[in-house]
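Down below is the structure, laid out as structure tokens.
Only the coordinates and a few stated rules stand behind these numbers; no lab work does. Predicted model, so just to flag it, every value in this text is computed and none were measured. Virtual Cβ from ideal backbone geometry, glycine too; neighbours counted across all protein chains shown.
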Amino acid sequence: MNLLASNIKGFADELLPLVPGFQSWCDAVVCTPFVLLPAALESFKGSGIGVGAQNMSQFESGAYTGEISAGQLDDIGTKYVIIGHSERRQFYGETDTSVNEKVLAALKTPLCPIICVGESLEQREKGVTYDLVAMQVKSALYGIDSKDLNVIVAYEPIWAIGTGKTATPEDAQDVCKAVRDVIASLYCAKTADSISILYGGSMNDKNAFDLLAQPDIDGGLIGGASLKPTSFAVIINAANQ
């Protein structure tokens with residue numbers, strides 16, 4: 001919940017010259033609060049940087065005051081939507097069931113869901129990281145046929161979000177590989193290889209290169225570092241490597 005609509009053009013004007021030609025190598029997406037989406041869509045139009053929302057409703061329409069549907073996001077040109085972010089799970093009652101419902105609703109439109117999974121520090125210390133993440137992935141993808149699997153999965157350990165703590169590249173790689181293995185078990189290895197798996201957990205301009213060098217980390221779900229165009233550009237260029 002950062003920035004104002006009046007900040008977006010300046011942000012884009014500062015960022016875009018720092019990442020010339022990146023589009024041919026990787027995808028970059030800016031996911032904003034709902035009220036900033038029109039400004040972001042206008043400011044990044046034609047740049048190669050996609051625009052996404054940070055949440056959506058599982059319902060198509062109706063008496064759900066304050067909610068935003070997948071169809072409404074798609075209608076204004078939004079291409080991506082984050083679903084199941086740990087802050088939504090922690091503070092707003094998001095569950096594995098509601099995440100699945102939202103993914104299914106998003107896939108009825110051209111939107112690409114960015115599905116977030118990850119464990120708390122307590123869960124990690126109890127040694128249930130892999131079981132928990134596997135359950136979250138299986139639940140999120142329940143009822144989705146391989147031909148409809150237009151999704152991205154982001155592993156974001158809750159204990160590393162906004163804390164400055166980061167999983168080691170090796171630890172992040174191990175969990176991201178486990179995510180890919182779960183997808184392969186649900187579908188097939190070829191399908192799993194086609195899914196982008198991101199790491200989110202205090203990735204920044206200092207550690208991005210080492211994290212993104214891991215074979216099963218295809219990108220990052222960037223938090224605070226994305227608010228600084230110079231830092232965000234370093235991360236995008238690291239992804240290009």
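For segment 17-103, run through the chymotrypsin sites (Phe, Trp or Tyr not before Pro) and keep only the ones in DSSP coil with at most 16 other Cβ atoms within 10 Å of their Cβ.
Filter output for segment 17-103: W25, F59, Y64, Y92.
Under the rule of -39500 (n - 2.57) per DSSP H run of 4 or more residues, summed and divided by the residues of the chain, what mean residue ellipticity at 222 nm is obtained, to the nearest 500 deg cm²/dmol?
-11500 deg cm²/dmol
Output the pairs from K108/K206; K45/K190; K177/K206 with a Cα-Cα distance over 30 Å in this structure; if there are none, say none.
K108/K206; K45/K190
Treating cross-link reach as a plain straight distance, find the aspartates and glutamates whose alpha-carbon is under 15 Å from the alpha-carbon of K9, omitting any fewer than eight places away in the same chain.
E42
Cβ under 13 Å from P38's Cβ, P38 left aside: what net charge do those residues give with Lys, Arg +1 and Asp, Glu -1?
Summing Lys/Arg as +1 and Asp/Glu as -1 gives 0.
Mind listing the phi-derived Karplus ³J(HN,Hα) values for segment 119-125, rounded to whole Hz, using 6.51, -1.76 and 1.60 with θ = phi - 60°, and x for any glycine or proline?
Result, rounded to whole Hz: 10, 7, 4, 4, 5, 5, 5.
Got a sec? How would E122, E94, E67 order by Cβ neighbour count within 10 Å, fewest to most? Write down the numbers at each step before the final one.
Numbers: E122 10, E94 19, E67 15.
By the 10 Å Cβ count, ascending: E122, E67, E94.
Hey, what do the phi angles of segment 136-151 turn into as Karplus ³J(HN,Hα) couplings, whole Hz, using 6.51/-1.76/1.60 and θ = phi - 60°, x for Gly and Pro?
5, 5, 4, 5, 4, 9, 4, x, 9, 6, 4, 6, 9, 7, 8, 9
Could you please rank I222, I8, placing first whichever residue has the fewest other Cβ atoms within 10 Å of its Cβ?
Least crowded to most crowded, the residues run I8, I222.
In percent, how large is the relative contact order of segment 52-239, given Cα pairs closer than 8 Å and 6 or more residues apart?
On the way: 325 pairs, mean separation 30.4, N = 188.
Rounded, it is 16 percent for segment 52-239.
If each of N2 and T97 carries a label point 7 Å out from its Cα toward its Cβ, how far apart are those two points in nm?
Output for this residue pair reads 3.5 nm.
By the scheme Lys and Arg +1, Asp and Glu -1, what is the net charge of all other residues having a beta-carbon under 11 Å from that of M135?
Once all neighbours under 11 Å are counted, the net charge is -2.
Given [x] 13.3; [y] 12.4; [z] 19.7 as candidate values of mean projected area of the Cα convex hull in nm², which corresponds to the one derived from the coordinates?
[y]
Enumerate the aspartates and glutamates that K228 could reach by cross-link, defined here as Cα to Cα under 17 Å, with residues fewer than 8 away along the same chain left out.
D13, E14, D205
Under a Cβ-only charge scheme (Lys and Arg +1, Asp and Glu -1), can you give me the dipole magnitude of segment 167-217 about the Cα centre, in debye to the nearest 20? Don't skip to the end; give the middle numbers.
Working: 4 positive and 8 negative charges, 38 e Å.
Computed charge dipole of segment 167-217: roughly 180 debye.
Would you order D75, D216, D174 from fewest to most other beta-carbon atoms within 10 Å of each residue's own beta-carbon?
D75, D174, D216
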